[in-house]
Amino acid sequence: MTTPPETGSFIRQLHGPLHSKASEYGGMAQTVTIVSRQQWGAVAPKSRAALKDPAQKVVIHHTANPSCKDQKECMNRLLSIQRVHMTEREFDDIGYNFLVGGDGTVYEGRGWGVVGAHAKRHNHESLGIAFMGNFKVDMPSTEAMSSVKRLLQSAVSQGFLNPKFTLVGHRDLGQTECPGGQLYAALPQLRGT
Ligand SMILES: [Zn+2]
């Protein structure tokens with residue numbers, strides 16, 4: 001039995017398409033294209049809860065599975081991550097709010113303003129973003145880093161993220177190696193403007 005793909009994300013319907021304006025974080029107007037759940041064939045979440053306020057915190061993860069370099073490869077990976085999160089881990093949906101592939105393409109996970117399942121005790125105040133791949137040894141690509149920066153700028157300008165947000169790696173909040181040493185070392189680049 002398969003669950004049919006969603007016909008659309010209600011969050012996106014509420015907030016409209018993603019276009020960032022000039023933001024306090026980052027200065028210049030930036031846009032970032034996001035591959036929607038519908039486009040990658042996500043199944044509908046079992047349930048969904050809205051964040052009460054703009055997120056205070058950004059938590060960076062890696063998916064700790066093989067990297068993907070193009071949309072076809074990444075979309076297959078997304079389906080399998082969502083399946084594992086919903087069946088083996090019994091989450092309501094893929095755990096992260098957004099994911100980014102090696103080519104810099106951003107994929108909608110739970111999306112904006114939705115409580116994730118990615119960092120125990122911090123899900124209700126944070127935005128969870130996962131780099132697809134394992135960054136224990138691999139370096140995050142320039143494209144992925146720059147896309148995540150633009151995603152954060154966009155989040156602030158749309159009011160989903162407090163302009164004074166803090167950005168941490170998953171390991172700062174719990175017993176995990178996530179997001180891998182190489183990505184963890186690159187996090188200061190995401191904090192700067
Ligand atoms: Zn993590």
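The values are calculated or read from the model by the stated rules, or taken from the named source; none is laboratory data. Predicted model only: the values in this text are computed from it and were never measured. Using ideal geometry, Cβ is built from the backbone for each residue, glycine included, and neighbour counts are taken over all protein chains shown.
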Matching entry among Lys52, Lys69 (being among the charged types (D, E, K, R), surrounded by fewer than 24 Cβ atoms within 10 Å (Cβ to Cβ) and touching a residue at least 60 places away in the same chain (Cβ under 8 Å)): Lys52
Suppose we filter Leu173, Leu187 for residues that are aliphatic (A, V, I, L, M), farther than 23 Å from Ile34 by Cα, out of contact with any Phe, Trp or Tyr (no Cβ under 9 Å at 6 or more places or on another chain) and surrounded by fewer than 20 Cβ atoms within 10 Å (Cβ to Cβ); which single one remains? Leu173
Could you please let me know if His124 is under 15 Å from Val59 (Cα atoms), within 13 Å of the ligand (Cβ to nearest atom) and either charged (D, E, K, R) or touching a residue at least 40 places away in the same chain (Cβ under 8 Å) (or both)? no
Mind telling me which of the residues His61, His85 ends up being in a helix (DSSP H, G or I) and of a type outside the set (Phe, Trp, Tyr)? His85
Of all residues in the range 37-49, count the ones that are within 17 Å of Tyr107 (Cα to Cα) and surrounded by fewer than 17 Cβ atoms within 10 Å (Cβ to Cβ). 4
Within the range 147-154, is there a residue that is aliphatic (A, V, I, L, M), surrounded by 20 or more Cβ atoms within 10 Å (Cβ to Cβ) and either touching a helix residue (DSSP H, G or I) at 6+ places or on another chain (Cβ under 8 Å) or modelled with pLDDT under 95 (or both)? yes
Looking only at residues that are under 14 Å from Tyr107 (Cα atoms) and buried (at least 18 other Cβ atoms within 10 Å of the Cβ) in the range 77-92, which one is nearest to the ligand (Cβ to nearest atom)? Ile81
Among the numbered conditions (1) more than 16 Å from the ligand (Cβ to nearest atom); (2) touching a residue at least 40 places away in the same chain (Cβ under 8 Å); (3) surrounded by fewer than 18 Cβ atoms within 10 Å (Cβ to Cβ), tell me where Cys74 comes up short. (3)
Do you know which of the residues in the range 101-121 that are free of Cβ contacts under 8 Å to residues at least 60 places away in the same chain and over 24 Å from Ser141 (Cβ atoms) is farthest from the ligand (Cβ to nearest atom)? Arg121
Qualifying strands (runs of 3 or more DSSP E) (wholly inside the range 98-143; at least 2 residues being on the phi > 0 side of the Ramachandran plot and of a type in the set (A, V, I, L, M)): none
Just a yes or no: is a residue in the range 154-166 among the aromatic types (Phe, Trp, Tyr), over 15 Å from the mean Cα position of the chain (by Cα) and within 16 Å of the ligand (Cβ to nearest atom)? no
Over the range 143-193, the set of residues touching an Asp or Glu at 6+ places or on another chain (Cβ under 7 Å) and closer than 23 Å to Gly113 by Cβ is Val156, Pro163
